[in-house]
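Participant: Dropping the structure in here first, questions after.
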Amino acid sequence: MREFDLVVVGGGPAGMAAAIAAKEQGTDSILILERDDRLGGILNQCIHNGFGLHTFKEELTGPEYAERYSDRVKELGIPYELGTMVLDISKDKEITLVSRKRGAETVKAKAVILAMGCRERPRGALGIPGFRPQGVYTAGTAQKLVNCEGVVPGREVVILGSGDIGLIMARRMTLEGAKVRAVVELMPYSSGLKRNIVQCLDDYGIPLMLSHTVVDIKGKEKLEGVYVAAVDEKNVPVPGTEEYFPCDTLLLSCGLIPENELSKTAGVKLSPVTGGPCVDESLETSIEGVFACGNVLHVHDLVDFVSEESVRAGINAAGYIKGRPSSPGTPVEVSPGFGVRYTVPSKLYCESVEDGVHIRFRVTGVFKGASITVTSGGRELFRRRGRIFVPSEMLDIVLKKELLAGVTEGIEVRIEEAAL
Amino acid sequence: MYDVVVIGAGSTGCAVARELGRYKLSVCVIDKESDVCEGTTKANSAIVHAGFDAVPGTLKARLNVRGSRLMPQLSKELDFAFENNGALVLCFDKEQIPGLEELARRGAENGVEGVRVISGDEARALEPALTDEVAAALYAPTSGIVCPFEMTLALAENALANGVEFRLSTRVTGISRSGNGYTVSTDRGDIEAKIVVNAAGVYADRIHAMVSKTPMTIIPRRGEYMLLDKEAGGLVKHTVFQQPTKMGKGILVTPTVHGNLLLGPTAEDIDDKENTATTRSGLSEVKAKASLSVKGIPFGKQITGFTGLRAVGSTGDFIIGIPEDAPCFIDAAGIESPGLSSAPAIGEYVCELIGGIIALEPDPGFVAERKGIVHFAALSAEEQNELIKKDPAYGTVVCRCETVTEGEIRDAIDRPLGATTLDGVKRRTRAGMGRCQAGFCSPRTIALIAEKLGIGLLDVRKNGVYESEVSGDA
């Protein structure tokens with residue numbers, strides 16, 4: 001059985017950044033496992049620009065951003081195996097994988113970094129009524145077809161969900177000559193970034209229909225059109241508001257789900273809110289020596305934040321391999337309070353925080369002029385006012401080590417609304 | 001001139017074809033769709049009913065019990081998934097218990113073994129997720145579950161191997177008497193046959209009316225279903241029914257042979273024989289009624305919803321026989337529930353009827369066994385390695401949710417009666433059947449189909465019929 005200090009499951013941006021960081025910390029025995037036939041993950045199909053503004057202070061396309069990391073992986077001589085699917089991870093960190101070259105094999109690792117990314121929520125999971133014809137795709141599948149396979153799946157398009165991939169694909173399909181009739185969003189706000197709404201919809205005159213949804217799909221074999229209706233405040237369609245949009249393509253951008261089937265085989269504890277592993281400040285999961293980063297942990301808006309997070313996972317995994325003492329003391333829970341959906345991490349070993357700890361979270365709705373507050377046992381540790389907080393933008397605060405001194409009770413992150 | 005033409009390549013038509021494959025006959029199966037298993041067979045509860053529900057003395061009773069007895073052996077011969085998981089029929093009110101006792105009596109009369117009424121607590125001991133409202137249950141240990149796609153494909157492939165021809169993407173437009181047989185007119189030319197078998201599902205009444213003036217009506221009864229992720233599949237082990245009504249066996253909760261959880265169906269008589277759309281109200285009804293039987297169903301784990309049309313005959317029983325005004329024409333119509341369970345027995349019975357018309361001479365070359373597509377994920381590491389050594393395509397996992405390899409997909413496309421559509425690949429291999437619903441694997445599957453058929457990626461269809469002839473080996 002091959003043995004490695006560190007096995008990184010996934011060769012996308014998270015896995016590459018984590019592996020590079022671990023290598024730079026002195027971990028030499030590393031293996032990156034990637035199911036696709038190249039490194040880079042989903043970035044390879046994201047041929048639009050806008051990547052790297054934080055990391056490299058320049059604007060790159062997805063493949064360019066990925067290449068910066070894959071070049072570094074090669075430069076550092078970090079071994080990676082492509083076309084390799086991991087089938088199982090045991091709690092003892094034995095990893096079963098399969099590939100054309102090596103067949104089915106089990107390898108053993110001292111530490112594992114989970115970096116499998118996420119998947120899109122499909123039509124069936126959304127429960128949209130109607131027929132099941134050809135022409136209904138998740139936005140990412142359509143993106144792959146257009147950008148990697150060179151085929152445009154349709155000419156008249158409706159997009160359900162205003163997630164970033166949906167917005168990007170609205171522009172992409174338009175540039176390919178298709179007519180995008182509307183982007184339909186169930187919520188009263190978009191789940192995509194503001195800049196994507198401006199650059200992908202507004203610039204092309206594509207209407208964004210907030211508080212609307214698709215209520216029926218027509219066409220038994222091939223998509224003929226969809227009915228769109230307004231929804232009330234409980235997101236229930238309002239009878240009489242149906243409008244028919246003829247189309248041959250319906251793209252779905254209705255949420256991303258961290259892909260943790262392998263984490264489950266290992267017995268990693270998952271958060272019911274994010275769908276990703278519950279981690280502490282070192283991004284270590286409920287299983288010692290198993291770390292998680294990137295979209296498998298929680299869905300990010302920007303790859304730059306994935307990279308930053310993954311570096312921390314890599315450094316901590318390297319520390320674990322070197323025999324870093326287990327986290328000292330007892331952890332405190334980090335929990336979401338009013339207006340906050342979740343926090344990553346969800347527990348904190350205050351004594352092992354070096355300079356400061358990142359707390360990342362999303363809000364539950366749109367808050368204008370509100371404040372983020374962090375408290376523990378009635379004591380306020382942190383407060384930051386913001387112009388606007390929206391669910392589509394992940395928030396990131398850093399709690400300095402000195403703030404955490406003497407914290408023994410649970411930490412709560414919440415939103416305080418502005419007084420009227 | 002064929003000895004027998006079978007119209008319809010669903011579970012009934014394919015079961016008939018498989019039986020006919022035992023004899024020295026020339027047989028052809030016709031279907032308007034580009035694949036077998038495209039109608040009622042592809043969207044139902046996938047249950048092998050024990051046979052306690054049908055009224056004693058009916059064809060349904062006899063053929064169900066016989067079919068369910070044949071199923072275990074058949075599943076081994078033809079290599080398809082079948083599991084004897086047992087069933088519970090629930091009642092929620094002590095006053096309904098006599099109804100369950102009546103079912104138990106019927107079961108005994110129909111020859112079903114082991115059927116008995118148990119208390120609510122006994123039922124909950126067997127199936128802890130049952131709700132507290134369950135007052136009593138009928139326990140039927142011989143009930144089972146099956147994969148209807150695999151079963152039908154297996155029957156068809158075995159029939160093909162034994163010399164039965166298949167003409168898919170071929171729509172019957174008329175049937176006329178000619179000499180001592182029939183001319184079946186289709187959109188791809190006329191086909192002559194001595195005997196015609198009508199296994200046309202919801203369209204059986206239209207086919208029947210082409211040759212006979214005796215009345216027959218087939219009403220499509222719409223049934224909506226929800227399929228949940230494998231994570232939810234372990235919620236129940238048995239198939240959990242509610243006490244049946246005249247509209248059917250009610251909403252059930254059952255594991256599938258592949259480990260998903262299936263809920264449904266609704267029952268709604270409609271006019272449109274093509275209306276397989278799901279509805280908001282239908283799916284709400286499934287949720288509400290399933291929750292009466294089983295607690296804690298994680299509806300959020302839904303991965304898809306679908307609708308099937310049961311072919312409900314006007315007599316209340318299966319309509320199998322020769323109309324008085326149409327000799328050599330055999331109806332196998334009105335095959336609603338328990339049609340899937342009965343299919344092997346319907347095959348035998350129709351074969352007997354054919355034997356009353358022409359002599360059935362056993363074919364010594366008949367091969368009873370068929371090997372299915374290997375399921376890579378189910379193999380041991382040694383077996384997986386052997387397979388990959390022989391064909392490296394088995395080392396590439398294309399469908400990550402269901403762990404389906406390129407080797408399996410290639411086999412599904414390359415084998416006789418192979419898949420020509422995405423849905424065809426899905427039914428044969430489960431690629432695209434998992435939680436991401438083909439999001440990741442469909443570009444690769446499309447490419448593999450396009451390569452085989454020699455067409456462009458955009459020309460590959462999800463389902464339905466190609467305008468030009470592309471179905472290779474059929």
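Here, each number is a calculation from the coordinates, and none is a lab measurement. If you're wondering where the values come from, they're calculated on a predicted model, not measured in any experiment. Glycine also receives a Cβ, built like all others from the backbone with ideal geometry; neighbour counts cover every protein chain displayed.
Participant: Taking every Cα atom in the protein assembly as shown, find the radius of gyration and the maximum pairwise distance Dmax, and write them in Å.
Facilitator: Spelled out, the Cα radius of gyration and Dmax of the protein assembly as shown are 29.5, 100 Å.
Participant: Explain nothing, just compute: Karplus ³J(HN,Hα) = 6.51 cos²θ - 1.76 cosθ + 1.60, θ = phi - 60°, for every residue of region B:365-370 in order, whole Hz, x for Gly and Pro.
Facilitator: Whole-Hz 3J(HN,Hα) from phi for region B:365-370: x, 4, 10, 7, 8, 9.
Participant: Given a Förster distance of 45 angstrom, what is the FRET efficiency for residue B:383 paired with residue A:409, based on the Cβ-Cβ distance and rounded to 0.05?
Facilitator: 0.25
Participant: If you keep only loop residues by DSSP, which chymotrypsin sites (Phe, Trp or Tyr not before Pro) in region B:310-387 have at most 16 other Cβ atoms within 10 Å of their Cβ?
Facilitator: When the chymotrypsin sites (Phe, Trp or Tyr not before Pro) of region B:310-387 are filtered for loop state and at most 16 Cβ neighbours within 10 Å, B:366 remain.
Participant: A further question follows. Given that compact globular proteins tend to follow 2.2 N^0.38 Å, what is the ratio of the alpha-carbon Rg of chain A to that value?
Facilitator: Its radius of gyration relative to the 2.2 N^0.38 Å reference: 1.02.
Participant: Can you work out the FRET efficiency for the pair residue B:466 and residue A:155, with r the C-beta to C-beta distance and R0 = 25 Å, to the nearest 0.05?
Facilitator: It comes to 0.80.
Participant: Do you know the relative contact order of chain B, to the nearest whole percent, from alpha carbon pairs under 8 angstrom that are 6+ apart?
Facilitator: For chain B, the relative contact order is 20 percent.
Participant: While we're here: If the reach is capped at under 17 angstrom between alpha carbons, list the lysines near residue A:110, excluding any in the same chain fewer than eight residues apart.
Facilitator: A:23, A:91, A:93, A:322
Participant: Next up: Taking H placed 1.01 Å from N in the peptide plane, check which residues at least 5 places from residue B:242 or on another chain put their amide H under 5 Å from its amide H.
Facilitator: Residues meeting the amide H criterion: B:90, B:251.
Participant: Principal axes first, then extents: for the Cα atoms of chain B, list largest minus smallest coordinate on each axis, whole Å, largest first.
Facilitator: Computed over chain B, the largest-to-smallest principal extents equal 62, 57, 43 Å.
Participant: Can you list the residues, at least 5 places off or on another chain, whose amide H is less than 5 Å from the amide H of residue B:192, using H built in the peptide plane?
Facilitator: B:2, B:184
Participant: In whole Hz and in residue order, list the ³J(HN,Hα) couplings for region A:296-309 that follow from phi through the Karplus curve 6.51 cos²θ - 1.76 cosθ + 1.60, θ = phi - 60°; x for Gly and Pro.
Facilitator: Values per residue, Gly and Pro as x: 6, 8, 7, 6, 9, 8, 10, 5, 4, 6, 4, 4, 4, 5 Hz.
Participant: I would also like to ask the following. Could you work out the per residue convex hull volume over the alpha carbons of region A:23-95, in cubic angstrom?
Facilitator: 121
Participant: Additional query: Could you check the spin-label model distance between residue B:270 and residue B:206? Points 7 Å from the Cα along Cα→Cβ, value in nm.
Facilitator: The modelled label-to-label distance comes out at 1.6 nm.
Participant: Would you grab the residues whose amide H sits under 5 Å from the one on residue B:461? Only those 5+ places off in sequence or on another chain, please, with H modelled 1.01 Å from N.
Facilitator: Hits under the 5 Å cutoff: B:422.
Participant: Tell me, what is the percent relative contact order of region A:122-254, built from C-alpha pairs under 8 Å that lie six or more residues apart?
Facilitator: 33
Participant: Counting only chymotrypsin sites (Phe, Trp or Tyr not before Pro) that are in a DSSP loop and have at most 15 other C-beta atoms within 10 Å, tell me the longest site-free stretch of chain A.
Facilitator: Between exposed loop sites, the widest span is A:190-337.
Participant: Multiply the residue gap between residue B:185 and residue B:231 by 0.36 nm, knock off their C-alpha separation, and tell me the result in nm, one decimal place.
Facilitator: 11.7 nm
Participant: Starting from the 7 Å offset along Cα-to-Cβ, what nm value, one decimal, do you get for the label separation of residue A:354 and residue A:64?
Facilitator: Computed distance between label sites residue A:354 and residue A:64 equals 3.1 nm.
Participant: Further, regarding this structure: With the Cα gyration tensor of region B:376-459 in hand, give its eigenvalues times 5 under a square root as the equivalent ellipsoid semi-axes, listed largest first in whole angstrom.
Facilitator: Equivalent ellipsoid of region B:376-459: 21, 15, 11 Å, largest first.
Participant: Compactness ratio of region A:329-420: Cα Rg over 2.2 N^0.38 Å, N = residue count?
Facilitator: Against the empirical 2.2 N^0.38 Å value, I get 1.04 for region A:329-420.
Participant: Round to the nearest 0.05 the FRET efficiency obtained for residue B:76 and residue B:165 when R0 = 25 Å and r is the Cβ-Cβ distance.
Facilitator: Approximately 0.40, to the nearest 0.05.
Participant: If you don't mind, there's one more thing I want to ask. Take the Cα coordinates of region A:142-207, assign each an equal point scatterer, and use the Debye formula without solvent to give log10 I(q)/I(0) at q = 0.18, 0.19 Å⁻¹.
Facilitator: Taken in order of the listed q values, log10 I(q)/I(0) reads -0.58, -0.65.
Participant: State, as an integer percentage, the relative contact order of chain A based on alpha-carbon contacts under 8 Å between residues 6 or more apart.
Facilitator: Once divided by the residue count of chain A, the mean separation gives 15 percent.
Participant: Compute the semi-axes of the equivalent ellipsoid of region A:70-132, taking the square root of 5 times each eigenvalue of the Cα gyration tensor, and list them largest first in whole Å.
Facilitator: That gives 32, 17, 14 Å for the three semi-axes.
Participant: If you average 1/r across every pair of different Cα atoms in region B:191-313 and take the reciprocal, what Kirkwood value do you get, in Å?
Facilitator: Over region B:191-313, the inverse of the mean reciprocal pair distance is 16.0 Å.
Participant: So how far apart, in nm, are the two label points at residue A:189 and residue B:315 if each is 7 Å from Cα heading toward Cβ?
Facilitator: Between residue A:189 and residue B:315, the label points sit 6.5 nm apart.
Participant: Reported to two decimal places, what Rg/Rh ratio describes region A:122-254 when computed on Cα atoms with Rh from the Kirkwood expression?
Facilitator: With Rg and the Kirkwood Rh in hand, the quotient comes to 0.94.
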